[in-house]
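Reviewing the structure listed below.
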Amino acid sequence: MEKAVRKERRVFMTGNEVVAWAALAAGAVHMFGYPITPQNEIMHYWRRLAPEYGRGFLQTEDELSAGFTAIGAIIAGKAAFSATAGPGTILFQEPLSMAEMMRLPLVLVVQQRGGPSTATVIYSQQEVTLACFGGNGEGMRLVYSTASHQELYDYTIKAFHHAWSYRFPTLVLGDGYQAKMREALIIYDPAERGWEAIPAEPILGPERIQGGGRPLLHLRNAFSVEEELAEVLREHLDDFARAAPELVEYEFTGEPGAEILVAAHGIVGRAARAAVEELRAEGRPVNFFRAITLRPFPEEALLEALRISGGAMLVVESAVGQFGRMARLAVAGEPLRSFKTLYRPGVGIAAEEIKEAVLA
Amino acid sequence: MSELSMPRCWNRETKPHSFCPGCGHGLVLKALGMAVDELELAEQVTFACDIGCSLLAWNFFNFPSLQTHHGRTIPVMVGLKKADSKRVAVAYMGDGGGYSIGLQHLVSTAVRDDPVTVILVNNTVYAMTGGQMAPTTLPGQKTETTPFGRDEAETGFPLKGPELLAGVVHPEAYLARGTVAQVLRLKKTIQKGLETQRKGHFAFIEALSTCPTNWRTNAAATWSFLEREMSDYYQTAEIPH
């Protein structure tokens with residue numbers, strides 16, 4: 001398989017193009033896709049570039065098929081992925097739930113669009129709950145929320161590595177603005193940043209030796225009794241909890257004694273960062289927190305950030321509390337001086353609005 | 001069952017199997033086992049079963065096997081085959097999985113001529129869930145959701161899968177319907193289906209089967225329903241296309 005990116009270079013691309021290049025650079029082997037706006041160009045670029053680098057593509061009959069064909073390729077030991085949005089993310093919950101139960105490293109890029117239903121093809125942060133907890137289980141997924149094209153590139157690469165290393169399905173959240181907007185970034189060969197090949201191997205087969213030296217020949221999702229399931233889930237939940245401290249990522253800027261903490265994720269985090277920088281320049285001691293992993297959630301870091309921000313928090317998101325609920329829950333045991341929200345479902349949020357909300 | 005009558009590729013640790021007495025799944029899986037043994041394909045086969053009664057086959061064989069979701073077995077095997085073309089991919093499911101919730105996958109896979117072998121067990125009911133009407137329930141047949149008999153004016157006529165696919169498949173694809181009443185013939189049909197996949201084409205075999213538990217039939221009535229009513233409606237043959 002030929003390397004797609006050999007030399008580090010500065011490029012100016014749309015977010016969708018970035019994702020295609022990141023998946024190629026990471027060493028993903030197959031994409032299985034179904035058209036839905038605003039993620040289509042991920043498929044378009046992948047489809048055109050894939051033959052050049054010995055990679056495969058299949059346009060499936062729907063998102064269910066895209067998810068399950070990717071699962072089939074993963075079981076055969078190949079790094080496979082898909083991309084979707086909106087109602088497609090709903091359909092993807094079915095393959096994602098199978099991937100959670102079987103610990104399959106399914107990678108899915110979600111370019112969030114407005115919801116519910118078909119709503120807009122443009123933008124939102126309304127797919128957070130679905131991305132984190134959309135399955136009929138406990139949300140055992142890794143979910144990255146990206147704030148720039150550089151992060152789309154970096155975290156798409158990371159998603160493949162961590163999915164295969166930790167064996168949890170992994171989602172990279174972007175949005176329609178990021179998907180369609182051009183921005184400068186550096187693309188690079190992941191090997192030069194310490195990422196070796198994706199640790200992909202066949203999931204099922206005589207070469208996979210399990211406990212007792214037996215080959216792993218049989219995989220199932222259905223169990224006969226509650227206790228049997230509980231035992232399997234306990235193991236998965238323990239693995240998730242153990243991995244969480246290694247996986248959580250966030251951005252924090254601030255100092256003790258601040259009057260408030262502004263918390264956000266994704267590109268709203270950029271607006272929040274800009275607002276905080278302006279406020280600080282104006283002499284207002286305001287702190288800034290951006291969650292990068294939404295699953296596992298950076299609970300302790302947020303709690304610590306809140307503590308040094310005087311127990312006051314403003315949560316900002318382009319949804320009505322999908323991120324806010326997770327943030328509030330993370331600090332549930334902490335006495336709060338104030339908890340303010342700026343929720344704009346399916347609508348972008350500018351730094352000025354955030355400044356106003358802080359000062360209100 | 002004697003040593004001699006058990007296919008070599010069967011997983012003996014899981015026998016006797018857990019299908020109901022009189023269920024036809026064991027016979028379909030025996031035909032598949034014999035076909036794989038005779039073609040010496042046990043090293044190459046990856047087997048996936050649906051949910052519903054077919055899930056009970058998840059550890060039936062010695063080859064790599066997995067259980068998927070309702071109707072999603074075909075795409076899993078299509079993806080597996082795309083990733084590793086040396087494998088022989090067998091997708092095993094019931095009529096609800098293949099003809100109802102997963103029909104889009106069956107038709108699309110047939111259209112693309114994906115080289116996988118699909119074996120679909122037609123027992124005219126959703127069996128694991130307690131005997132509801134399936135796409136294959138015969139006119140007048142009583143099920144939990146057609147307690148007065150299937151009314152074709154309301155629910156349409158039973159779906160004939162291989163005939164449906166005949167309109168869309170590649171000329172080199174293989175379509176057939178067999179029956180557990182003729183296991184050796186069913187085995188030959190499955191062999192052709194496996195060979196078709198190895199030549200790079202799509203193969204689909206429907207197997208007429210029995211469900212005395214949900215039909216609420218004794219042995220004689222079970223066999224009679226299979227051999228008369230079902231075989232009258234569903235032609236057991238290779239389906240020209």
Handout entry: Cα gyration tensor of the stretch B:147-212 - equivalent ellipsoid semi-axes, whole Å, descending
Key = 27, 18, 6
Handout entry: Most positive-pole-ward Cα, A:Ala305, A:Phe289, A:Ile349, against dipole of the stretch A:283-352 from beta carbon charges
Key = A:Ile349
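Within a Cβ distance under 11 Å of A:Arg193, other residues only, what is the Lys/Arg minus Asp/Glu net charge?
Local charge sum for A:Arg193: -4.
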Handout entry: Anchor B:Lys199: lysines whose Cα lies under 17 Å away (excluding residues fewer than 8 positions away in-chain)
Key = B:Lys81, B:Lys82, B:Lys86, B:Lys188
Exercise for the section: Could you pull out every residue, at least 5 positions away or on a different chain, whose amide H is within less than 5 Å of the one on B:Ala89? Hs are placed 1.01 Å off N in the peptide plane, and Pro or chain starts have none. Expected result: B:Thr46, B:Thr117
Fill in the blank from the handout: Rounded to one decimal in Å, the inverse mean reciprocal Cα-Cα distance for the stretch B:1-44, i.e. its Kirkwood radius, is 11.1 Å
Practice task
Go ahead and collect, in residue order, the members of the stretch A:91-107 whose backbone nitrogen is under 19 Å from a label point 7 Å along the Cα-Cβ direction of A:Val232.
Solution key: A:93-106
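Taking each residue in B:108-120, count the Cβ atoms of any other chain within 10 Å of its Cβ, then average. What number comes out?
1
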Completion exercise
Using alpha carbon centers only, the stretch B:92-108 is separated from the stretch A:151-201 by a whole-angstrom value of 34 Å
Exercise for the section: Work out the FRET efficiency for A:Glu201 and A:Thr118 from their Cβ-Cβ distance, taking R0 = 35 Å, and round it to the nearest 0.05. Expected result: 0.35
Exercise for the section: Provide the gained length on full extension for the span A:Arg48 to A:Arg182, in nm with one decimal, where the gain is 0.36 nm per separating residue minus the Cα-Cα distance. Expected result: 46.3 nm
Handout entry: Label point distance in nm, B:Val111-B:Glu172, each placed 7 Å from Cα along Cα→Cβ
Key = 2.2 nm
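Need one value for B:59-65: mean number of C-beta atoms belonging to other chains within 10 Å of its residues' C-beta atoms.
On the way: counts 4, 1, 2, 4, 5, 14, 5.
Average per residue, whole number: 5.
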Problem - Residue-count net charge about A:Thr84 - beta-carbon cut-off 11 Å; Lys, Arg +1, Asp, Glu -1 - result: -2
Completion exercise
Where a ≥ b ≥ c are root eigenvalues of the Cα gyration tensor, a/c under 1.5 meaning rounded, otherwise prolate if a/b exceeds b/c and oblate otherwise, the stretch A:9-193 counts as rounded
Practice task
May I ask you to give the average projected area over all directions of the convex hull of the Cα atoms of chain A, in nm² rounded to one decimal?
Solution key: 18.8 nm²
Handout entry: Pairwise Cα inverse-distance average, inverted: Kirkwood Rh of the stretch B:1-147 (Å)
Key = 15.8 Å
Exercise for the section: Would you mind getting the Kirkwood hydrodynamic radius of the protein assembly as shown from its Cα pairs, rounded to one decimal in Å? Expected result: 25.8 Å
Handout entry: Counting all C-alpha pairs of the stretch B:58-131, share separated by more than 14 Å (%)
Key = 60 percent
Exercise for the section: Determine the relative contact order of the stretch A:9-193: mean sequence separation of Cα pairs under 8 Å and six or more apart, normalised by residue count, in whole percent. Expected result: 30 percent
Completion exercise
Taking placed amide H atoms and a strict 5 Å upper bound, the residues 5 or more places from A:Ala83 or on another chain that come that close are A:Tyr34, A:Val109
Exercise for the section: Pull up the cross-link candidates among the aspartates and glutamates for A:Lys355, meaning alpha carbon to alpha carbon under 15 Å and not fewer than 8 places away within one chain. Expected result: A:Glu259, A:Glu277, A:Glu278, A:Glu282, A:Glu317
Practice task
Using only Cα atoms, locate the centre of the stretch A:83-124 and the centre of the stretch A:202-263, then give the distance between them in Å, rounded to an integer.
Solution key: 20 Å
Completion exercise
Between the alpha carbon centres of the stretch B:189-234 and the stretch A:1-76 the gap in Å comes to 40 Å
Problem - Cleavage-rule hits, chymotrypsin sites (Phe, Trp or Tyr not before Pro), the stretch A:136-169, DSSP coil, Cβ neighbours within 10 Å at most 16 - result: none
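Hey, any idea what the orientation-averaged projected area of the convex hull of the stretch A:251-359's Cα atoms comes to, in nm²?
Working: hull surface 23.1 nm².
Reported value for the Cα convex hull: 5.8 nm².
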Exercise for the section: Name the residues whose placed amide hydrogens come within less than 5 Å of the amide hydrogen of B:His70, ignoring near sequence neighbours (fewer than 5 apart) on the same chain. Expected result: B:Ile51
Handout entry: For the stretch A:1-78: rounded, prolate or oblate by the Cα gyration tensor [a/c cutoff 1.5]
Key = oblate
Problem - For the stretch B:205-211, 3J(HN,Hα) per residue [Karplus equation, 6.51 cos²θ - 1.76 cosθ + 1.60, θ = phi - 60°, Hz, x = Gly/Pro] - result: 10, 9, 10, 5, 9, 10, 9
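Charges at C-beta only: +1 for Lys and Arg, -1 for Asp and Glu. How large is the resulting dipole of chain B about its Cα centre, in Debye rounded to 20?
400 debye
Hey, what did the stretch A:251-359 get for relative contact order, percent, Cα under 8 Å, at least 6 apart? List each step's numbers first, then the result.
Working: 201 pairs, mean separation 35.5, N = 109.
So the answer I get is 33 percent.
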Completion exercise
Here, B:Lys15 and A:Glu277, labelled 7 Å along Cα→Cβ, have an inter-label distance in nm of 7.1 nm
Handout entry: Those chymotrypsin sites (Phe, Trp or Tyr not before Pro) in the stretch B:105-182 that DSSP places in a loop and that have at most 11 other beta carbons within 10 Å
Key = B:Phe148
Exercise for the section: Express in Å², to the nearest 10, the accessible area of B:Asp232 obtained by rolling a 1.4 Å probe over the protein heavy atoms while all chains stay in place. Expected result: 130 Å²
Handout entry: Peptide A:215-223 - average C-beta neighbours from other chains (10 Å radius)
Key = 6
Practice task
Would you mind computing, in nm to one decimal, how far apart the modelled labels at B:Glu152 and A:Gln150 are, each placed 7 Å from Cα along Cα→Cβ?
Solution key: 6.8 nm
Handout entry: log10 of Debye I(q)/I(0), alpha-carbon scatterers only, for the stretch B:117-235 at 0.16, 0.17 Å⁻¹
Key = -0.78, -0.86
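The values are calculated or read from the model by the stated rules, or taken from the named source; none is laboratory data. What you are looking at is a predicted structure, and each value in this text was computed from that prediction instead of being measured. Positions of Cβ are backbone-derived with ideal geometry, glycine not excepted, and every protein chain shown enters the neighbour counts. When the accessible area is computed, the model is the full protein with side chains, heavy atoms only, and any ligands, DNA or RNA have been set aside. Shrake-Rupley method; radii C 1.70, N 1.55, O 1.52, S 1.80 Å.
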